[in-house]
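No value in this document is a laboratory result; all are computed from the given coordinates. All figures in this text were calculated on a predicted structure; none of them were measured in a lab. With ideal geometry, Cβ positions are generated from the backbone for all residues, glycine too; neighbour counts draw on all protein chains shown.
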Amino acid sequence: MRERKLDEALIHAVASHGYLLTVDLEPVHEMEKVLYATDELTGLIGAVAIMRPSQSTQDLEVKSVRKKYKSHNFAAGCSREVIERGAAMLDWELSYLIEQTILAMRSCEESVEEQLKSLA
């Protein structure tokens, strides 16, 4: 990224999202903390959405995600510890983080689906 002369703030944000997993670089700014908290969470939410009849986040509710979140066998590769640490960094309740992440995923779901279809 430095070779491409990208901004140091962007480099820090990208690197810090692997905090305590692959790097010791702590997220500092709110955007970095959001990226850290939601990286794992989007995987879990995506897995919950795929299991729904609609296979979409458009009708997904926080309580459905919370229910699956409690089952550590479901989407076992998604670290609940990282998600909870990220929520704590932001000083957000877990339900609020889940709600905001669902809303963000809804906002771009159609675009992502179109991009995936174009790759097929």
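General remarks:
- Using the Cβ-Cβ distance between CYS108 and LYS68 with R0 set to 25 Å, the FRET efficiency from 1/(1 + (r/R0)^6) comes to roughly 0.70.
- GLU93 versus GLN55: modelled label distance in nm, points set 7 Å from Cα along the beta carbon direction: 3.4
- Diffusion coefficient, µm² s⁻¹, Stokes-Einstein with Kirkwood Rh over alpha-carbon pairs of the chain at 20 °C and 1.002 mPa s: 139
- Tally of Lys pairs whose C-alpha atoms are under 26 Å apart, taken over the chain, 8 or more apart or cross-chain: 5
- Adding -39500 (n - 2.57) for every DSSP H run of four residues or longer, then dividing by how many residues the chain holds, sets the calculated 222 nm ellipticity at -21000 deg cm²/dmol.
- Ellipsoid fit via the Cα gyration tensor, region 27-74: semi-axes of 23, 12, 9 Å, each the root of five times an eigenvalue, largest first.
- Each listed q (0.22 Å⁻¹) maps to a log10 I(q)/I(0) for region 37-107, found by the Debye formula over equal Cα scatterers with no solvent: -0.91.
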